[in-house]
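Just so it is clear, none of the values below were taken in a lab; they were calculated from the coordinates. This is a predicted model, so every value here is computed, not measured. Cβ atoms come from the backbone with ideal geometry, glycine included; neighbour counts cover every protein chain shown.
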Amino acid sequence: MSEDTDIRKIMHVMRRAPHGSIYSYEGLEMILIMAAYEQDLSVVFIGDGVYALKKDQDTTGIGIKGFSKTFMALDGYDVEKLFVDRASLEERGLTEDDLVVDVEVMEASEIGRLMTEQDVVIHH
Amino acid sequence: MNIGILLKEGPYNHQAADTAYKFAEAAIAKGHKVDAIFLYNDGVNNATRLGDPPQDDRNIAARWTMLAEKHGVEVLACIAASKRRGINDDVMIDGGEITGLGTLTDIAIRNDRLLTFGD
Amino acid sequence: MLHTINKSPFESSTFETCVRFLQPGDPVLFIEDGVYAAQAGNRFSSLIETVMKNNPVFALKPDLDARGITRVTEGVGSVDYEGFVGLVEEHQVNSWL
C-alpha cells in the first residue's frame, strides 16, 4: 500500500446505542482493526450512536463489558476524525461535555458532504 | 466492476441474507465480479452447515456454497464474531472460510464497491 | 452516492435521518421493509415528494410486489435487482441500516 491511490476513505457510522445490541461494540472492534491498515478513517456518531460516547456508563450490573473508554484509544491509532451530528446530540439533551472523548460536532449537511467523498461507508 | 459485500445479519431472521444473495446473483449476471461476501455480527450464522430448512423453503447456506463454488465468490466469516457465536471450521459450509477483520479491510481496499446488508 | 434504506418508516426513523444527510442529486433506494415508505397516500408521501425535488427516489420492485404495494407515490421509480446493480455501477453506496 505504498501508493497514495491505494488509500481509501472509509467512514464508520455509529447508529446504535451500546449494550442493547452488539452493533456498536463490534463496530468499534472493526474500526480498531481497520485503523492498523493506514487508511483514511473517520467515525461519525448519528442518532442513538452518540450514546456509545456517554460519560458515566457503568455496565457491571448488566454483566456486559463496557467499552466507552475504548473510544479514547482511537486517538492512539491515528483515528482522529470523530464527528458527532449536532441534532442527534441536542435532541437527546446532551452536550460535548457529556461525552468521553473530544469530538467535532457538525451539522448534518457537512457530514452529508463528507459521506459523498467516501469510498466506503459502513453503518454499525 | 469488482464488488464486496458485508453481511451483518443471520439467515431467515431478517431479509438481509436474501437481498445480499439476490444482489450478488444480479451483479454476476451483469458481468461484474463479486469478490467476497464477508460475514459479520450475527451474519456469521450464515456460515453454519447445520441448518436444515424445510424442503419448500430456500436453503440460504446452499446459496453461499453455490456462489463460492460456481462463481469464485469468497465467503468469509469474521473469526472474532464467529468465536462468540460457535461458528468454526467443524460446522463451516462448503466454500466458506474463517478469516480476520484485516481481510475485510483488504476487501474494502481492493474493490470498487462495498455494500452492506443487515438489520 | 446511492443511499439504500431497509426499514419501515413507521417503525424506524432511518429514512428521516437519511434525508437530513442527503446531498442534492444523491439517489435513494428503498429495499426490504423500507419500501413501505413509498406506498401512495401514506404519512411519508409528502416527505418523499419534498426529497424528489432534489433527489431521484426508487423502490425495489420485488420488495414492493412481495408486500402487495401496487401504488407508489407519483415519481418514485421502480427497479429490479438488475436496476439496483445499475445504480451501484453509477454510485458509491451508503447502506443505511
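Filtering segment B:65-106 to residues that are of a type in the set (A, V, I, L, M), in a helix (DSSP H, G or I) and under 13 Å from the mean Cα position of the chain (by Cα) leaves B:M66, B:L67, B:A68, B:L104. Of B:D52, B:D35, B:D42, all but one fail to be more than 14 Å from every other protein chain (Cβ to nearest Cβ) and among the charged types (D, E, K, R); the exception is B:D52.
Restricting segment C:2-27 to residues that are more than 11 Å from the chain's Cα centre (by Cα), of a type in the set (S, T, Y) and assigned to a loop (DSSP other than H, G, I, E, B) leaves a set whose member that is nearest to the other protein chains (Cβ to nearest Cβ) is C:S13.
Scanning segment B:46-61 for residues that are without any contact (Cβ under 8 Å) to a residue 12 or more places away in the chain and either in a helix (DSSP H, G or I) or of a type outside the set (D, E) (or both) turns up B:P54, B:Q55, B:N59. Of all residues in segment C:28-59, those that are in contact with a Gly (Cβ under 9 Å, 6 or more places away or on another chain), of a type outside the set (A, V, I, L, M) and either surrounded by fewer than 21 Cβ atoms within 10 Å (Cβ to Cβ) or within 12 Å of another protein chain (Cβ to nearest Cβ) (or both) total 4.
Tell me, please, whether a residue that is surrounded by 15 or more Cβ atoms within 10 Å (Cβ to Cβ), in contact with a Ser or Thr (Cβ under 7 Å, 6 or more places away or on another chain) and not aromatic (F, W, Y) can be found in segment A:59-77. No; the residues of segment A:59-77 include none that is surrounded by 15 or more Cβ atoms within 10 Å (Cβ to Cβ), in contact with a Ser or Thr (Cβ under 7 Å, 6 or more places away or on another chain) and not aromatic (F, W, Y).
So, in segment B:17-26, how many residues would count as being more than 20 Å from B:R49 (Cβ to Cβ) and within 15 Å of the chain's Cα centre (by Cα)? Walk me through how you get there before you give the answer.
Just the residues of segment B:17-26 that are more than 20 Å from B:R49 (Cβ to Cβ), to begin with: B:19, B:22-23, B:25-26.
Now restrict to residues that are within 15 Å of the chain's Cα centre (by Cα): B:19, B:22-23, B:25.
Result for segment B:17-26: 4.
Across segment B:58-113, the qualifying residues are those that are of a type in the set (D, E, K, R) and within 14 Å of chain A (Cβ to nearest Cβ), and the one among them that is surrounded by the most Cβ atoms within 10 Å (Cβ to Cβ) is B:R113.
Output the residues belonging to segment C:67-95 that are hydrophobic (A, V, I, L, M, F, W, C), closer than 24 Å to B:G43 by Cβ and either more than 9 Å from chain B (Cβ to nearest Cβ) or assigned to a loop (DSSP other than H, G, I, E, B) (or both).
As a first pass, look at segment C:67-95 and keep what is hydrophobic (A, V, I, L, M, F, W, C): C:69, C:72, C:76, C:79, C:84-85, C:87-88, C:93.
Okay, now just the ones that are also closer than 24 Å to B:G43 by Cβ, so C:84-85, C:87-88, C:93.
Answer for segment C:67-95, where residues must be hydrophobic (A, V, I, L, M, F, W, C), closer than 24 Å to B:G43 by Cβ and either more than 9 Å from chain B (Cβ to nearest Cβ) or assigned to a loop (DSSP other than H, G, I, E, B) (or both): just C:L87.
Put simply, of A:E90, A:E26 the only residue that is touching a Cys at 6+ places or on another chain (Cβ under 9 Å), of a type outside the set (S, T, Y) and assigned to a helix (DSSP H, G or I) is A:E26.
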